[in-house]
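Some notes on the structure that comes next.
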Amino acid sequence: EPAQPLGVAWLGLALEGRGKRAEGLAELRRAVELAPERSGLHVNLALALLRNSREDEAIAELERAVALRPNLAAAWLQLAEIRARRGDREGAAAAFRRTLAIEPRDGRAAAGLEVYSH
(Lines give C-alpha, C1' and ligand atoms only; values in the text may rest on other atoms or scores of the structure.)
Protein backbone atom coordinates (compact mmCIF):
# COMPACT_ATOMS: atom_id res chain seq x y z
CA GLU A 1 0.00 0.00 0.00
CA PRO A 2 1.45 3.41 -0.94
CA ALA A 3 2.43 5.78 1.84
CA GLN A 4 -0.08 8.48 2.69
CA PRO A 5 1.53 11.95 2.63
CA LEU A 6 -0.32 13.26 5.69
CA GLY A 7 0.58 10.17 7.72
CA VAL A 8 4.21 10.56 6.69
CA ALA A 9 4.08 14.24 7.69
CA TRP A 10 2.58 13.38 11.10
CA LEU A 11 5.33 10.82 11.61
CA GLY A 12 7.91 13.49 10.77
CA LEU A 13 6.40 15.94 13.23
CA ALA A 14 6.22 13.24 15.93
CA LEU A 15 9.85 12.29 15.41
CA GLU A 16 10.85 15.93 15.58
CA GLY A 17 8.85 16.33 18.78
CA ARG A 18 10.82 13.47 20.31
CA GLY A 19 14.09 15.19 19.51
CA LYS A 20 14.84 13.09 16.43
CA ARG A 21 15.29 16.10 14.17
CA ALA A 22 17.14 14.46 11.28
CA GLU A 23 14.66 11.60 11.06
CA GLY A 24 11.72 13.99 11.36
CA LEU A 25 13.09 16.23 8.64
CA ALA A 26 13.60 13.23 6.36
CA GLU A 27 9.97 12.16 6.80
CA LEU A 28 8.71 15.70 6.18
CA ARG A 29 10.76 15.80 2.96
CA ARG A 30 9.28 12.44 1.97
CA ALA A 31 5.76 13.77 2.56
CA VAL A 32 6.46 16.67 0.18
CA GLU A 33 7.87 14.25 -2.39
CA LEU A 34 4.70 12.15 -2.14
CA ALA A 35 2.37 15.13 -2.60
CA PRO A 36 4.26 18.16 -3.95
CA GLU A 37 0.95 19.85 -4.79
CA ARG A 38 -0.04 20.18 -1.10
CA SER A 39 0.97 23.60 0.17
CA GLY A 40 0.57 22.64 3.82
CA LEU A 41 3.25 19.99 3.52
CA HIS A 42 5.67 22.59 2.18
CA VAL A 43 4.84 24.83 5.16
CA ASN A 44 5.42 21.98 7.64
CA LEU A 45 8.76 21.24 6.02
CA ALA A 46 9.69 24.93 6.01
CA LEU A 47 8.95 25.29 9.73
CA ALA A 48 11.04 22.20 10.51
CA LEU A 49 13.86 23.58 8.39
CA LEU A 50 13.68 26.85 10.34
CA ARG A 51 13.88 24.92 13.61
CA ASN A 52 17.02 23.29 12.19
CA SER A 53 18.62 26.63 11.21
CA ARG A 54 18.23 25.93 7.49
CA GLU A 55 16.73 29.25 6.52
CA ASP A 56 17.58 29.22 2.80
CA GLU A 57 15.83 25.89 2.32
CA ALA A 58 12.89 27.09 4.43
CA ILE A 59 12.47 30.16 2.22
CA ALA A 60 12.36 27.94 -0.86
CA GLU A 61 9.66 25.75 0.70
CA LEU A 62 7.60 28.77 1.78
CA GLU A 63 7.87 30.20 -1.72
CA ARG A 64 6.66 26.88 -3.13
CA ALA A 65 3.74 26.94 -0.69
CA VAL A 66 2.58 30.43 -1.71
CA ALA A 67 3.06 29.58 -5.40
CA LEU A 68 0.65 26.69 -4.89
CA ARG A 69 -1.74 28.63 -2.66
CA PRO A 70 -1.27 32.40 -2.99
CA ASN A 71 -3.70 33.20 -0.17
CA LEU A 72 -1.75 31.30 2.48
CA ALA A 73 -1.32 34.12 4.98
CA ALA A 74 0.77 32.12 7.47
CA ALA A 75 3.39 31.36 4.81
CA TRP A 76 3.52 35.00 3.69
CA LEU A 77 3.98 36.08 7.31
CA GLN A 78 6.85 33.62 7.78
CA LEU A 79 8.47 34.90 4.60
CA ALA A 80 8.04 38.49 5.78
CA GLU A 81 9.65 37.77 9.14
CA ILE A 82 12.59 35.91 7.57
CA ARG A 83 13.15 38.70 5.07
CA ALA A 84 12.99 41.25 7.90
CA ARG A 85 15.60 39.32 9.93
CA ARG A 86 17.84 39.24 6.87
CA GLY A 87 17.59 42.99 6.38
CA ASP A 88 15.52 42.77 3.19
CA ARG A 89 13.27 45.73 4.02
CA GLU A 90 11.56 45.87 0.64
CA GLY A 91 10.92 42.12 0.52
CA ALA A 92 9.68 42.12 4.10
CA ALA A 93 7.29 45.01 3.47
CA ALA A 94 5.92 43.30 0.34
CA ALA A 95 5.29 40.05 2.22
CA PHE A 96 3.72 41.88 5.20
CA ARG A 97 1.44 43.70 2.71
CA ARG A 98 0.49 40.39 1.12
CA THR A 99 -0.30 38.93 4.54
CA LEU A 100 -2.54 41.90 5.36
CA ALA A 101 -4.32 41.67 2.01
CA ILE A 102 -5.34 38.14 3.02
CA GLU A 103 -5.76 38.70 6.79
CA PRO A 104 -6.42 42.44 7.35
CA ARG A 105 -6.49 42.05 11.15
CA ASP A 106 -3.14 40.29 11.51
CA GLY A 107 -1.40 42.31 14.21
CA ARG A 108 2.09 40.92 13.57
CA ALA A 109 1.85 41.78 9.88
CA ALA A 110 0.51 45.26 10.62
CA ALA A 111 3.32 45.93 13.10
CA GLY A 112 5.91 44.56 10.68
CA LEU A 113 4.62 46.68 7.83
CA GLU A 114 4.75 49.77 10.05
CA VAL A 115 8.43 49.12 10.71
CA TYR A 116 9.55 47.99 7.27
CA SER A 117 7.53 50.21 4.94
CA HIS A 118 9.45 53.39 5.82
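The values are calculated or read from the model by the stated rules, or taken from the named source; none is laboratory data. Predicted model, so just to flag it, every value in this text is computed and none were measured. Note: ideal-geometry Cβ built from the backbone for every residue, glycine included; neighbour counts use all protein chains shown. What goes into the accessible areas is simple: the full protein's heavy atoms, side chains included, and nothing from ligands, DNA or RNA. Shrake-Rupley method; radii C 1.70, N 1.55, O 1.52, S 1.80 Å.
Working out 0.36 nm times the residue gap between residue 54 and residue 20, then minus their Cα-Cα distance, what length gain in nm do you get to one decimal?
10.6 nm
Work out how much length residue 37 to residue 67 would gain on full extension: take 0.36 nm times their residue separation and subtract the Cα-Cα distance, in nm to one decimal.
9.8 nm
State whether region 26-72 is rounded, prolate or oblate according to the following rule on the C-alpha gyration tensor (a ≥ b ≥ c being the square roots of its eigenvalues): a/c under 1.5 gives rounded; otherwise a/b larger than b/c gives prolate, and the remaining case gives oblate.
The shape class here is oblate.
Excluding residue 91 itself, what net charge comes from residues whose Cβ is under 13 Å from its Cβ, given Lys and Arg +1 and Asp and Glu -1?
Charge balance in the 13 Å sphere: +2.
Determine the share of the chain's accessible area contributed by carbon and sulfur atoms, expressed in whole percent, with a 1.4 angstrom probe.
Carbon and sulfur atoms account for 51 percent of the accessible area of the chain.
Taking only protein heavy atoms and a 1.4 Å probe, what accessible area per residue, in Å², does region 1-86 have with all protein chains in place?
Each residue of region 1-86 exposes 55 Å² on average to a 1.4 Å probe.
How high is the relative contact order of the chain, in percent, with contacts defined as C-alpha pairs under 8 Å that are six or more residues apart?
Contact order relative to length: 15 percent.
May I ask for the percentage of alpha-carbon pairs in region 39-118 that lie more than 22 Å from each other?
The proportion of pairs with Cα distances above 22 Å equals 17 percent.
Roughly how many nanometres apart are two label points built 7 Å out from the Cα toward the Cβ at residue 111 and residue 86?
Going from the residue 111 label point to the residue 86 one covers 2.3 nm.
Summing Lys, Arg as +1 and Asp, Glu as -1, what charge do residues with Cβ under 11 Å from the Cβ of residue 73 carry, residue 73 excluded?
+2
How much net charge surrounds residue 43 when only the other residues with a Cβ under 12 Å from the Cβ of residue 43 are counted, with Lys and Arg +1 and Asp and Glu -1?
Summing Lys/Arg as +1 and Asp/Glu as -1 gives +1.
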